[in-house]
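The values are calculated or read from the model by the stated rules, or taken from the named source; none is laboratory data. All of these numbers come straight from a predicted model, not from anything done at the bench. Positions of Cβ are generated from backbone atoms using ideal geometry, with glycine treated the same way; all protein chains shown enter the neighbour counts. Calculation scope for accessible area: heavy atoms of the full protein, side chains included, ligands and nucleic acids excluded. Shrake-Rupley method; radii C 1.70, N 1.55, O 1.52, S 1.80 Å.
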Amino acid sequence: MPVFNFSAGPAVLPKEVLKRAADEMLDWHGSGMSVMEMSHRGPEFISIAEKAEADLRKLLSVADDYAVLFLQGGAIAENAVVPMNLLGEKKTIDFVNTGEWSKKSIKEAKKYAQVHIAASSEDRNFTYVPARETWKLSPDAAYVHICSNETIGGVEYHFTPEVGSVPLVADMSSHILSRPIDVSKYGVIYAGAQKNVGPAGLTLVIVRKDLLDRALPITPSVFHWKEQAEADSMLNTPPTYAIYIAGLVFEWLLAQGGVAAIERKNIAKAQLLYDAIDASGGFYVNPVEKKDRSRMNVPFRLRDESLDGAFLKGAQARGLLQLKGHRSVGGMRASIYNAMPVEGVQALVDWMLEFQRTHG
Ligand SMILES: *Cc1c(COP(=O)(O)O)cnc(C)c1O
């Protein structure tokens, strides 16, 4: 029986990537070594890291005036690392609060700066993205922070907000590489790898180079973007194996036709699942405003939550894994990242229909 893994993260990886990693596990390209055993300063690993960066730049059309960093600490570390690197002389950060991950970023930033909530969707339980016209930006903010895909709430920006000359910073952990983006509209993009890129332990930071001179003096060297940019992200030992796997994922994405091609598949997958939810007559409910629904993370509730256990048990028996919703919200969540084939979404929809027939 094929198994489909709907985990929000660490999450499904392309089978082809895992097979290739298995093939190369004991002997990478005739080197006689596993990638895990290589010095990060040796020619073999340097070639792996350089290829990964070049492919990521190709996938997202990252221009030369941006640094690409492969760091550690995850997106949660970036909640502290971003203010340390960007505050400079400024005192205020603007945030748009769209849910749980925004809230975490806000809480951490308060240790470093005054936080101004420029817009929030809390009034309707974080089920939408506040329209840009409603944002009240401060004139003197160090930057504007958004979470462009709320992994728990299932809310995604389907537009790039214009914020003038203030740098726009985005936590893209759960939808980076799911669609084309215009990197030039952002000051900083960051993402933990374990949703749509590779294994846990790697953090991607894409930062416009003119922003590299704003770090607070207390910034730890390993989190100091300028120092890391100058050291090719090797000021400390980088997460070498995670970088290698991410590199294989980038190659896989290029072979799929790049992010525009994967976006078309992601749109089709999301449509399939949302259509099933919307056609269920309220048996399944997704509360997010249609225009702001995430293509990557689809939370849904059963009208009768006493059926949750039976739904999950039957799903498990059909090889549909890790559908239990986040502990803070309950219900179900299907994460349908790049590596989730449409067959997996179809199998989930088939199960949803069957379950409704027998329990509706
Ligand atoms: C998963 C996630 C995080 C947390 O990432 P860590 O790697 O655990 O630090 C932060 N932001 C978003 C949007 C996420 O999806």
Touching a His at 6+ places or on another chain (Cβ under 9 Å) and assigned by TED's automatic domain parsing to the domain that holds residue 68: which single residue out of 200, 193, 215, 231 fits that description?
215
Failed condition for residue 77, given (1) more than 16 Å from the ligand (Cβ to nearest atom); (2) within 19 Å of the chain's Cα centre (by Cα), with all others met?
(1)
Quickly run through segment 123-133 and pick out the residues that are away from the ligand (no atom under 16 Å from the Cβ) and open to solvent by less than 70 Å² (accessible area, probe 1.4 Å).
127, 128, 130, 131, 132
Name the one entry in 211, 216, 202 that is of a type outside the set (Gly, Ala, Ser) and within 16 Å of the ligand (Cβ to nearest atom).
202
Segment 138-160, residues that are assigned to a loop (DSSP other than H, G, I, E, B), away from the ligand (no atom under 16 Å from the Cβ) and either touching an Asp or Glu at 6+ places or on another chain (Cβ under 6 Å) or without any contact (Cβ under 8 Å) to a residue 40 or more places away in the chain (or both):
138, 139, 159, 160
Of all residues in segment 303-355, which are farther than 24 Å from residue 193 by Cβ, touching a residue at least 60 places away in the same chain (Cβ under 8 Å) and part of a helix (DSSP H, G or I)?
343, 346, 347, 348, 349, 352, 353
Would you mind stating whether residue 12 is under 30 Å from residue 175 (Cβ atoms), in contact (Cβ under 8 Å) with a residue 24 or more places away in the chain and in contact with an Asp or Glu (Cβ under 8 Å, 6 or more places away or on another chain)?
no
Condition check for residue 285: modelled with pLDDT of 95 or more, touching a strand residue (DSSP E or B) at 6+ places or on another chain (Cβ under 7 Å) and open to solvent by 20 Å² or more (accessible area, probe 1.4 Å)
yes
Check 262, 267 and return the single one that is part of a helix (DSSP H, G or I) and free of Cβ contacts under 8 Å to residues at least 60 places away in the same chain.
267
State yes or no: is residue 63 touching a residue at least 40 places away in the same chain (Cβ under 8 Å) and either open to solvent by 10 Å² or more (accessible area, probe 1.4 Å) or farther than 21 Å from residue 254 by Cα (or both)?
yes
Free of Cβ contacts under 8 Å to residues at least 40 places away in the same chain, outside any loop (DSSP other than H, G, I, E, B) and surrounded by 15 or more Cβ atoms within 10 Å (Cβ to Cβ): is that true of residue 78 in this structure?
no
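Residue by residue, here is whether (1) open to solvent by 10 Å² or more (accessible area, probe 1.4 Å); (2) within 16 Å of the ligand (Cβ to nearest atom); (3) small (Gly, Ala, Ser) holds:
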| residue | (1), (2), (3) |
| --- | --- |
| 90 | yes, no, no |
| 115 | yes, no, no |
| 121 | no, yes, yes |
| 136 | yes, no, no |
| 163 | yes, no, no |
| 169 | no, yes, no |
| 177 | no, yes, no |
| 189 | no, yes, no |
| 193 | no, yes, yes |
Filtered residues of segment 92-113 (kept if within 13 Å of the ligand (Cβ to nearest atom) and closer than 21 Å to residue 219 by Cβ)
104, 105, 106, 107, 108
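Per-residue answers, yes or no, for (1) over 30 Å from residue 301 (Cα atoms); (2) of a type in the set (S, T, N, Q); (3) touching a helix residue (DSSP H, G or I) at 6+ places or on another chain (Cβ under 8 Å):
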{"position": "53", "(1), (2), (3)": "yes, no, no"}
{"position": "57", "(1), (2), (3)": "yes, no, no"}
{"position": "72", "(1), (2), (3)": "yes, yes, yes"}
{"position": "81", "(1), (2), (3)": "yes, no, yes"}
{"position": "95", "(1), (2), (3)": "no, no, yes"}
{"position": "122", "(1), (2), (3)": "no, no, no"}
{"position": "127", "(1), (2), (3)": "no, yes, yes"}
For the list (1) within 16 Å of the ligand (Cβ to nearest atom); (2) closer than 21 Å to residue 206 by Cα; (3) not in a helix (DSSP H, G or I), I need the number of the one condition that residue 64 fails.
(1)
Select, from 7, 39, 31, 47, the only residue that is farther than 17 Å from residue 253 by Cβ and within 18 Å of the chain's Cα centre (by Cα).
7
Tell me whether segment 102-123 contains one or more residues that are under 30 Å from residue 341 (Cα atoms) and part of a strand (DSSP E or B).
no
